[in-house]
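The values are calculated or read from the model by the stated rules, or taken from the named source; none is laboratory data. Keep in mind that this is a model prediction, so the values were computed, not measured. FYI the Cβ positions are ideal-geometry reconstructions off the backbone, even for glycines, and counts take in every protein chain you see. Surface accessibility is based on the protein's heavy atoms, side chains included, excluding ligands, DNA and RNA. Shrake-Rupley method; radii C 1.70, N 1.55, O 1.52, S 1.80 Å.
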Amino acid sequence: MYSFMGGGLFCAGVGNILLIVSTATDYWMQYRHSNNYMHQGLWRYCTPSKCFTHTDSIAYWDATRACMILSLLACFIGIIIGIMAFIHYSSFDRFDKTFAAGVLFFISCFFVFLAMAVYTGVTVNYYGKRYGNWRFSWSYIIGWVAVVLTFFSGIFYMCAYRMHECPRSSNTH
């Protein structure tokens, strides 16, 4: 049980760091414009000499930003509850902290997956038709790695929950 929780905490910790880096950096996409490579993130776009804040409130950027922030929050709260479950913190005995942490990691996975899907779909449809020389960049790739890590965090915590629950349910019969 503790090895599953330790693995879940490791994946969640790394996933949360990757979510922060992915959300905060400006390398979601790179493209060539006027013989210069430019790049953009969720908050800014950059030319070779200077970065500018996105001033337009475009729905897919707003949706991606909101989902990434919600994913960060769910993962962070899941880590806190997962640590409490790992050290047997005795408050909140009315719910199983291992199960709650697993659910929060799956919620985090859902939100980051939704953010990545929205960004991917709109970017491919918009930039794919208008620009020939563009590509997704490392911030975007880190976001997809965070999807995998938060998913496995949820899996690890659900396995730990099942290992913890199985002996308890067999004693009641």
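Figures for the structure shown
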quantity: Nearest-ten-degree value, helix 2-24 long axis tilted from longest Cα axis of the chain; calculated: 20 degrees
quantity: Cβ-based charge dipole, the chain, positive-most Cα from Ala100, Leu114, Ala160; calculated: Leu114
quantity: Distance (nanometres) between label positions extended 7 Å along Cα→Cβ at Ile80 and Met38; calculated: 4.0 nm
quantity: Degrees, to the nearest 10: 97-130 long Cα axis against longest axis of the chain; calculated: 20 degrees
quantity: Residue-count net charge about Ala85 - beta-carbon cut-off 10 Å; Lys, Arg +1, Asp, Glu -1; calculated: 0
quantity: Exposure of Trp144 as accessible area (Å², to 10), given a probe of 1.4 Å and all protein chains; calculated: 80 Å²
quantity: Spin-label pair Arg162/Ile69, simplified geometry with 7 Å Cα→Cβ offset, distance in nm; calculated: 3.6 nm
quantity: Distance (nanometres) between label positions extended 7 Å along Cα→Cβ at Arg135 and Ser3; calculated: 4.0 nm
quantity: Computed helical MRE - 222 nm, the chain, DSSP H runs ≥ 4 contributing -39500 (n - 2.57), nearest 500; calculated: -25000 deg cm²/dmol
quantity: Over the chain: Kirkwood hydrodynamic radius from C-alpha pairwise inverse distances, Å; calculated: 17.4 Å
quantity: Assigned charges on the beta-carbon of Lys, Arg, Asp, Glu; the stretch 1-141 dipole about Cα centre (debye); calculated: 460 debye
quantity: 0 to 90° range, to nearest 10: angle between helix 138-171 axis and the chain longest Cα axis; calculated: 10 degrees
